[in-house]
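Visitor: Before anything else, here's the structure in question.
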Amino acid sequence: FTYNFDTAAYKGAVTINTGLFIGGEWVDPIEGELIEIRNPATDEVITKVAGGGKADVDRAVQAAKKAYKTTWGLKTTGRERGKALAKLADLIEQNLDEFTALESLNVGKVYANAKHVDVTGTVTVLRYYAGWADKIHGKTIETGENKFAYTRHEPYGVVGSIIPWNFPMNMLAWKIGPAMACGNTVVLKPSEFTPLTALRLADLVNEAGFPPGTLNIVNGYGSSVGQAISEHMQIEKVAFTGSTLTGRRIMKAAADSNLKAVTLELGGKSPTIIFDDADLEQAIKWACMGIFFNMGQVCTAGSRIFVQEGVYDKFLEHFTAAAKGLAEKTGDPFASGTQHGPLVSQAQFDRVMSYIKSGKEEGATVHTGGERHGDKGFFVQPTIFTDAHPGMKIVQEEIFGPVGVVIKFKTEEEVIEQANDTIYGLASHIFSENTSRAIRVAHAIESGMVWVNCANTVEVNVPFGGYKQSGNGRELGEYALETYTQVKAVHINI
Ligand code: NAD
């Protein structure tokens, strides 16, 4: 399939294969169905791609298993694996504009953001783990006279990766980078809504030097391909990013099959806390980015914005102005000047609009936004709620859209209690010029990540992951390597 881009940001043709990529080849599915892929800015069908089924997952697992035993895993050196990952990063970089255009088209991302965050971020992550591939060491442990043990950090074998639609390329890189650096082979399922960049990337896998079967991409629905990966008896580990509901299903499937290892990056309802002594201009800028970036479809989005009473009015005035400014820059993701695009799908649009409705019904006030933008595509205005109470759905549940709730607070103790009053524990953002207070609160918040005087600035070498029902295990940094290896202790009696 070839798509001809003729946009302000990119002109040119991009060709992708719409089949399944298994064993280094494009194949037709054994079972499954064609899946329509839509442009969220217009709701037009872009193309149809093959979706696989259980038999296709099995075929991919067999290819991955063979590759693991013969050409990858313990049969390669870290240096060789690193070389392939680095080459893949180079090839993506050489096609940066093509990947950006596809990601923007399929997800509705603002072009400049897709380029700098999604595609460039992917290159960065693959290079980072290419560097780690030859640095995965065990330890030597003394156990007595003429005795010692050593540890080996061995790969699991075949790893299943299931990723969501909000950052399709980044999530792919976060999964395959550490998994393959450690020597695992991979069966990856993109989101059925956003497979286009993964399909374009599959065409580079052989050229990068990955032996056939090391990286397999099986597009399809969660209920078929995702479920088949989670319950496959020869997949030794599954790494998942997506909703808490699906994470729970995957963990159950893993438990009921071969007790495979599971790491989960799930949802969030992250607090942004702004104290009276914050640099307000900075806090407004970051709070705005924290909830509205990527149209709020960010798992670490600062969706509950707690503001101390002394600066509440001023904050709200300027934050509202910022949201209105963004609303004026809503439109075609490829047009220069656009800062706010559509949500990814009709389903996500309906979900976000139903939360806005529920907020109103429960008595909260729409301070700005709250409506659809335009009459085609899945655009929702940047929306701010006030007058919300802790029990409301808009305060408790993840909306995953451009909808922030601003809540006034009095004391540090009170805001810590409210911030922690959630089933989630992914991230938090704290704004204060009082360093002691900022650190004290950072330690009191139950979340896997805390940003002080900034928000959601993901760094490749810093662990990413959540507490509570936001998941388990960590991605990125050195920490991710632990989740893709198992430790073997070898006891030696000389
Ligand atoms: P989702 O859980 O519906 O889908 C995620 C992936 O899981 C998709 O590929 C889907 O096909 C697959 N899937 C669905 N049902 C499955 C099943 N029964 N078994 C196996 N796989 C299945 O989530 P989504 O709607 O794609 O993404 C939005 C959610 O993801 C939000 O809740 C968001 O917070 C979360 N998310 C979290 C992070 C993080 O790092 N913590 C990052 C991005 C998104």
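Visitor: Taking the criterion of being buried (at least 19 other Cβ atoms within 10 Å of the Cβ), among the charged types (D, E, K, R) and touching a Leu at 6+ places or on another chain (Cβ under 9 Å), would at least one residue in the range 152-161 satisfy it?
Guide: No, that holds for no residue.
Visitor: Also: Please go through the range 257-288 and give me each residue that is among the charged types (D, E, K, R), under 22 Å from Ala323 (Cα atoms) and buried (at least 22 other Cβ atoms within 10 Å of the Cβ), ordered by number.
Guide: If the condition is that a residue be among the charged types (D, E, K, R), under 22 Å from Ala323 (Cα atoms) and buried (at least 22 other Cβ atoms within 10 Å of the Cβ), then Lys269 is the only one that fits.
Visitor: Checking Arg200 against (1) in a helix (DSSP H, G or I); (2) within 21 Å of the chain's Cα centre (by Cα); (3) within 16 Å of the ligand (Cβ to nearest atom): exactly one of these is not met. Which one?
Guide: The one condition Arg200 does not meet is (3).
Visitor: If you don't mind, there's one more thing I want to ask. Would you check if Thr422 is within 30 Å of Leu74 (Cα to Cα), among the β-branched types (Val, Ile, Thr) and crowded, with 21+ Cβ neighbours inside 10 Å?
Guide: The answer is no for Thr422.
Visitor: Could you tell me whether Val49 is assigned to a strand (DSSP E or B) and either buried (at least 21 other Cβ atoms within 10 Å of the Cβ) or hydrophobic (A, V, I, L, M, F, W, C) (or both)?
Guide: Criteria met by Val49.
Condition check ((1) free of Cβ contacts under 8 Å to residues at least 40 places away in the same chain; (2) more than 10 Å from the ligand (Cβ to nearest atom); (3) touching an Asp or Glu at 6+ places or on another chain (Cβ under 8 Å); (4) of a type in the set (S, T, N, Q)) across all residues:
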site	(1), (2), (3), (4)
Phe240	no, no, yes, no
Thr263	no, yes, yes, yes
Ile273	no, yes, no, no
Ala278	no, yes, yes, no
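Visitor: Let me ask something additional. Exactly one of (1) under 24 Å from Ile217 (Cα atoms); (2) touching a strand residue (DSSP E or B) at 6+ places or on another chain (Cβ under 7 Å); (3) among the basic types (Lys, Arg) is unmet by Arg152. Its number?
Guide: (1)
Visitor: Going by the structure shown, is Phe400 surrounded by 17 or more Cβ atoms within 10 Å (Cβ to Cβ) and over 27 Å from the mean Cα position of the chain (by Cα)?
Guide: no
Visitor: Please determine, by comparing only the residues of the range 242-261 that are out of contact with any helix residue (DSSP H, G or I) (no Cβ under 9 Å at 6 or more places or on another chain) and of a type in the set (A, V, I, L, M, F, W, C), which one is farthest from the ligand (Cβ to nearest atom).
Guide: That would be Leu259.
Visitor: Still on this model: Under the condition of being hydrophobic (A, V, I, L, M, F, W, C) and under 22 Å from the mean Cα position of the chain (by Cα), which residue from the range 335-368 is farthest from Thr42 (Cα to Cα)?
Guide: Ranking the candidates gives Val352 first.
Visitor: Can you tell me how many residues within the range 114-151 are under 21 Å from Lys329 (Cβ atoms) and buried (at least 19 other Cβ atoms within 10 Å of the Cβ)?
Guide: 4
Visitor: On the given criteria, is Phe431 in contact with a His (Cβ under 7 Å, 6 or more places away or on another chain), away from the ligand (no atom under 16 Å from the Cβ) and within 30 Å of Thr120 (Cβ to Cβ)?
Guide: Spelling it out, it is not the case that Phe431 is in contact with a His (Cβ under 7 Å, 6 or more places away or on another chain), away from the ligand (no atom under 16 Å from the Cβ) and within 30 Å of Thr120 (Cβ to Cβ).
Visitor: Give me the pairs: first residue in the range 89-102 and within 11 Å of Ala13 (Cα to Cα), second residue assigned to a helix (DSSP H, G or I), beta-carbon distance under 6 Å, and six or more apart or on different chains, which are they?
Guide: Leu102/Leu196; Leu102/Thr197; Leu102/Arg200
Bear in mind that the values in this text are calculations on the coordinates, not laboratory data. Values in this document were obtained by computation on a predicted structure and should not be read as measured data. Because the Cβ atoms are built from the backbone with ideal geometry, glycine has one as well, and the counts that use them run over all protein chains shown.
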